[in-house]
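Reading through the structure tokens given below for one structure.
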Amino acid sequence: EVAVIEARDADSGDFGKVTFLLDRISSLGKFQIHPETGVLNITDRLNREEHGSYMLVIEAWDNYQFGYASGESRNAFKQIAVTITDVNDEPPVLERFPDNCIVVTEFHEPEETVTLLKASDADDPSTPNGWITFSILAGNEKGLFDIKEVNHWTAKIVSSDSLKDKYGNYTLVIKADDLGTPPNSVVSNLHICVTDFNDNPPRFISPPQNVTIRIPENATLGSTVIGVEAIDADQGPNAAVRYRLKQDNTGDWRTFSIDQDTGLITLKQPLDREMQKLYRIRVEAYDHGIP
């Protein structure tokens, strides 16, 4: 029962008997009225998200049974506004996350935004049924990320701590709950990739410092002079070390060659101690990072 409609007629007998009718166009077939009692009922399922209100046209007729066909009935019309209140029957809908990683570097500042979270809810946006809160269910065991609410439907993922040396791939399980009773929720995975920044230069470990090497002047071409090795504390391409001989003005480097991958230095040109007995070469180790 939605309401009871009342109407009075000062006449007597059938001329004072009121009959109620409901305009079906205005009710969209969702309501009916008892012709004698005026009780207004619901006849079909209502959905506020599809139709939030109805302006029902109620007709009140006297002498309807005997006088309507002959034109001896009189009537009055009344509009009744029916507003459908919201129930929390719609779950939140999260805006689709990228399939690939959201990429940030290890120098991403604390409290700096990583990405925005957005969701919608078909329930009434002016009530808690349509308001949404976000949380991280899993994947944040290191506590690197946090959620900051922007409004009832938007939040931002921020870095809660320094990401220095925290490079890696993180999958956060994001949950969106509405504030209805009981709440509805939805869960989705968000992928964040913290990449290494090329902030570490290569460092020689063999030999660890300048070294003097003695080789015979009759050494064959291609023979090994020395092997050098350097390491880089970065990750990925930033840590991939290559080697080259520094091309200085003395030209000593032309007598030798170096394998750019292994750091092995070999003899490239014949030696003649009587012509030159000391060669100074400089080895440079560089990574593949940018810069």
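The values are calculated or read from the model by the stated rules, or taken from the named source; none is laboratory data. Everything quoted here is computed from the prediction, not taken from an experiment. We place every Cβ from the backbone using ideal geometry, glycine too, and count neighbours over all the protein chains shown.
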Residue set LEU267, LEU245, LEU221, LEU278; condition farther than 30 Å from ASN140 by Cα, among the aliphatic types (A, V, I, L, M), loosely packed, with under 13 Cβ neighbours inside 10 Å and touching a strand residue (DSSP E or B) at 6+ places or on another chain (Cβ under 9 Å); output residue LEU221
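Go through segment 225-262 and give me each residue that's part of a helix (DSSP H, G or I) and of a type in the set (Val, Ile, Thr). Please lay out each step first, then the result.
Looking only at segment 225-262, we keep the residues that are part of a helix (DSSP H, G or I), and these are 236-239, 252-255.
Residue satisfying the conditions is THR255 alone.
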Condition set part of a strand (DSSP E or B) and touching a Leu at 6+ places or on another chain (Cβ under 6 Å), scope segment 188-224, selection nearest to ILE281 (Cα to Cα): answer is VAL194
Quick check on segment 179-198. Is at least one of its residues under 19 Å from PRO91 (Cβ atoms), among the charged types (D, E, K, R) and over 15 Å from the mean Cα position of the chain (by Cα)? no
Over segment 281-291, the set of residues crowded, with 16+ Cβ neighbours inside 10 Å and in a strand (DSSP E or B) is VAL283, ALA285
Taking segment 172-202 and keeping residues surrounded by 13 or more Cβ atoms within 10 Å (Cβ to Cβ) and either farther than 24 Å from LYS142 by Cβ or among the acidic types (Asp, Glu) (or both) leaves ASP177, ASP178, LEU179, GLY180, PRO183, ASN184, SER185, VAL186, ASP196, ASP199, PRO201, PRO202
Requested in this report: Within segment 270-280, identify whether any single residue is part of a loop (DSSP other than H, G, I, E, B) and closer than 30 Å to THR105 by Cα, and answer yes or no.
Outcome: no
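Quick check on VAL104: is it surrounded by 15 or more Cβ atoms within 10 Å (Cβ to Cβ), closer than 30 Å to SER162 by Cβ and under 12 Å from the mean Cα position of the chain (by Cα)? Break it down stepwise before answering.
On the way: surrounded by 15 or more Cβ atoms within 10 Å (Cβ to Cβ): yes; closer than 30 Å to SER162 by Cβ: yes; under 12 Å from the mean Cα position of the chain (by Cα): no.
It is false that VAL104 is surrounded by 15 or more Cβ atoms within 10 Å (Cβ to Cβ), closer than 30 Å to SER162 by Cβ and under 12 Å from the mean Cα position of the chain (by Cα).
Could you list all residues from segment 56-71 that are of a type outside the set (A, V, I, L, M) and free of Cβ contacts under 8 Å to residues at least 40 places away in the same chain? First the steps, then the outcome.
Taking segment 56-71 first, the residues of a type outside the set (A, V, I, L, M) are 59, 61-68, 70-71.
If the condition is that a residue be of a type outside the set (A, V, I, L, M) and free of Cβ contacts under 8 Å to residues at least 40 places away in the same chain, then GLU59, TYR68, SER70, GLY71 are the ones that fit.
Determine whether segment 264-271 contains at least one residue that is under 56 Å from the mean Cα position of the chain (by Cα), modelled with pLDDT of 95 or more and within 26 Å of ASP196 (Cβ to Cβ).
Restricting attention to segment 264-271, the residues satisfying the condition of being under 56 Å from the mean Cα position of the chain (by Cα) are 264-266.
From the residues that got through so far, the ones that are modelled with pLDDT of 95 or more too are 264-266.
Next, from what is left, pick out any that are within 26 Å of ASP196 (Cβ to Cβ): none.
Taking every residue of segment 264-271 in turn, none turns out to be under 56 Å from the mean Cα position of the chain (by Cα), modelled with pLDDT of 95 or more and within 26 Å of ASP196 (Cβ to Cβ).
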With the first residue restricted to segment 121-146 and required to be over 30 Å from LYS166 (Cβ atoms) and in the same structural domain as VAL158 (by the TED database), and the second required to be of a type in the set (Gly, Ala, Ser) and surrounded by fewer than 20 Cβ atoms within 10 Å (Cβ to Cβ), Cβ contacts under 9 Å at 6 or more apart or on different chains are ASP124/GLY52; GLY130/SER120; GLY130/ALA122
Residue pairs within 9 Å by beta carbon, gap of at least six or interchain, first lying in segment 1-17 and without any contact (Cβ under 8 Å) to a residue 12 or more places away in the chain, second among the β-branched types (Val, Ile, Thr), listed first then second, are ARG8/VAL18
So, first residue hydroxyl-bearing (Ser, Thr, Tyr) in segment 36-50, second residue surrounded by 11 or more Cβ atoms within 10 Å (Cβ to Cβ), Cβ within less than 9 Å, six or more apart or across chains; the pairs are THR37/VAL4; THR37/ILE5; THR37/PHE20; THR43/SER27; THR43/LYS30; THR43/PHE31; THR43/GLN32
